[in-house]
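One structure is given here, and the rest of the page talks about it.
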Amino acid sequence: MKKYFLFLLTAIHSINFTEAQSLHDVIITEINYNSDSTVNSGNWIEIYNSTSNSINLVDWFVKNNNNDFYTIGPGVSLGAHSYLVLAENIFEFSSIFPSVTNVNGPMNFGFSNNNDNIRLYSSNSMLISSVAYADSGQWPKGADGNGRTLELLNYNGDQNDPLNWFDGCMFGSPGVAYTPCNPEIVFSEINYKSAPTMDAGDWVELYNVSQSAINLNQWSLKDGEDTDIYYLPNITLQPGDYRVLCQDIGKFVSRHATVGNINGPFGFGFSHKGEPIRLFDANGKLTFSVVYDNKSPWATTPDSGGYTLELSNIHGHMDDGTNWFAGCLEGSPGEVYDPNCGGNSAETISENVIHFNILNSLSSDFVVAEISGIKNYSSTQLSVYDLTGRKILSVPVSNSKTEINISALVDGIYFASLKADAIFLSEKFLKQ
């Protein structure tokens, strides 16, 4: 009888809720502080229980910088390693996310579009989590009215470090862990400031990532200003197809006479200092956005240096400069990126002569990049691409011979591409 009684007490104890014991037991993992007006889910935050126990959230409360506060009511708990959304307006939130049921509110107050300090307290007024975000500096810009949200990168990192946040998928991922985005259509290449001697006007390339045809009739392109708008004609983008939208058809054709899958002119231009580029569907709802920049970590040669911004990973962070690279001289509009850049040689674009070869090694798991003529190895980029133009890996370069580990690659043809001193060279190799 005594053993049974002890077992019963243990079982009862195991299902009791616990109180948060310390800072970061529950953390703020996602913030929507400024929705796009066409897809408005209201302001909301996502919180996550980082412990292995359920936590009773009754009488916990949230504050903003104005000391507006919302107190969580009775019967609310947060399971171990689970998420909960706290929404400003339940109706607005559910209109965009009808399948998300782990939501609580309404808070009846929002967060600043400029900067705010969001704080989460336990029932005994212990500060559990706080984030002081902004729409300037190093904070991601896609969350400021451009359809994306702030997503926490490292749950164990500094919540107030802007580099520990990224703007995730369109409209966010409330109530669940972040997973890589699966957009249907993306901006795959951007030319925002041509070199003076290679002026094709501004242009942007669309790419249909999906498995279905997309009719673009009355879809619209905008930059950072709602008054700058271009309506697309009745065209259908087949799966895997590209379409270039041009600011000035005449200028574009003068530089890319063989590219026929183009539309325009859209009349307005893109800022060389960086800005949002947005795509809206025929119902006027935001579908996709990118906020580019002309400063590191974004490539700088597309800013009047003759190159374009090329998207590296269609499932990656769209507003992260490291997910874009300076492609070929004058770009590759209307087609898949070619690491060989149509066979352009270093001598045609620079007085510097750089030699680049890929050599087989004694092991099939490695190839060797042999490079000569480099002035500064620290600024040299060496990457491997597959035949679709997808970047597979990057390798640091420190001397004239660099070994590339290709053991993880499946058998096939690849390109090793070298970017050095504003020169882009590529060599094909076979993994077998």
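The values are calculated or read from the model by the stated rules, or taken from the named source; none is laboratory data. Source: prediction; values computed, not measured. Methodologically, a virtual Cβ is constructed for each residue, glycine included, from the backbone with ideal geometry; neighbour enumeration extends over all protein chains shown.
Summary of values
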{"item": "Test: residue 108 is part of a strand (DSSP E or B) and not assigned by TED's automatic domain parsing to the domain that holds residue 318", "result": "no"}
{"item": "Residue in region 117-130 that is without any contact (Cβ under 8 Å) to a residue 40 or more places away in the chain and out of contact with any helix residue (DSSP H, G or I) (no Cβ under 7 Å at 6 or more places or on another chain) present", "result": "yes"}
{"item": "Some residue of region 198-215 being hydrophobic (A, V, I, L, M, F, W, C) and in contact with a Leu (Cβ under 6 Å, 6 or more places away or on another chain)", "result": "yes"}
{"item": "Cβ-Cβ under 6 Å pairs, at least 6 apart or on other chains, region 204-223 side farther than 22 Å from residue 256 by Cβ, far side small (Gly, Ala, Ser) and part of a strand (DSSP E or B)", "result": "none"}
{"item": "Looking only at region 178-206, and only at residues there that are surrounded by fewer than 19 Cβ atoms within 10 Å (Cβ to Cβ) and touching a strand residue (DSSP E or B) at 6+ places or on another chain (Cβ under 7 Å), the one that is farthest from residue 278 (Cα to Cα)", "result": "178"}
{"item": "Tabulated pairs, region 147-174, first on the phi > 0 side of the Ramachandran plot, second outside any loop (DSSP other than H, G, I, E, B) and of a type in the set (Ser, Thr, Tyr), C-beta under 6 angstrom, 6+ apart or interchain", "result": "147/289"}
{"item": "Residue 40 modelled with pLDDT of 95 or more, part of a loop (DSSP other than H, G, I, E, B), in the same structural domain as residue 128 (by TED's automatic domain parsing) and under 14 Å from residue 151 (Cα atoms)", "result": "no"}
{"item": "Among residues of region 120-142, those that are buried (at least 19 other Cβ atoms within 10 Å of the Cβ) and assigned to a strand (DSSP E or B), counted", "result": "6"}
{"item": "Qualifying residue in region 65-82 (condition: under 30 Å from residue 222 (Cα atoms) and either not acidic (Asp, Glu) or not assigned by TED's automatic domain parsing to the domain that holds residue 318 (or both))", "result": "no"}
